[in-house]
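Colleague: Below is a structure I'd like to ask you about.
Only the coordinates and a few stated rules stand behind these numbers; no lab work does. Every value quoted in this text rests on a predicted model; they were computed, and no experiment measured them. Don't worry about glycine lacking a Cβ; one is built from the backbone with ideal geometry, like all the others, and counts go over all protein chains shown.
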């Protein structure tokens, strides 16, 4: 068994995360706060902000996050704090197969594409005492 495999499957690395994220239609790499991010329609769907800790990050809904964590708790965990409560999810690259990583990135990308086409809510001006 090679050093890049666990139980006969390849270990996913940052380069794999980047390659797969950029394989989706319209995906582009950018940077946010010094970390690589992946966008579609100018909006982030995944980042490598936690790459030094061995994680990729996915922008999911809280419901999607709960499903991923329940199904594969050794692979997925919520990002700490408020970001995690809003659906930001770590994927442990060394524990993820290529199929799992691809599916998770596809879910994050599809959610962003779907949200990009929804009409933006108009902000209503707040009333000021007069």
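Colleague: Could you order peptides 83-91, 12-20 by the average number of other Cβ atoms within 10 Å of their residues, highest first?
Modeller: Numbers: 83-91: 19.3, 12-20: 17.7.
Result, highest mean Cβ count within 10 Å first: 83-91, 12-20.
Colleague: So if R0 is 22 Å, what FRET efficiency would residue 98 and residue 44 give, r being the distance between their Cβ atoms, rounded to the nearest 0.05?
Modeller: Values: r = 22 Å, r/R0 = 1.01.
So, using R0 = 22 Å, E works out to roughly 0.50.
Colleague: Report the label-to-label distance for residue 10 and residue 66 in nanometres (one decimal), using points 7 Å from each Cα along the Cα→Cβ vector.
Modeller: 3.5
Colleague: Full-extension gain between residue 117 and residue 80, please, as 0.36 nm times their residue separation minus the C-alpha to C-alpha distance.
Modeller: 10.4 nm
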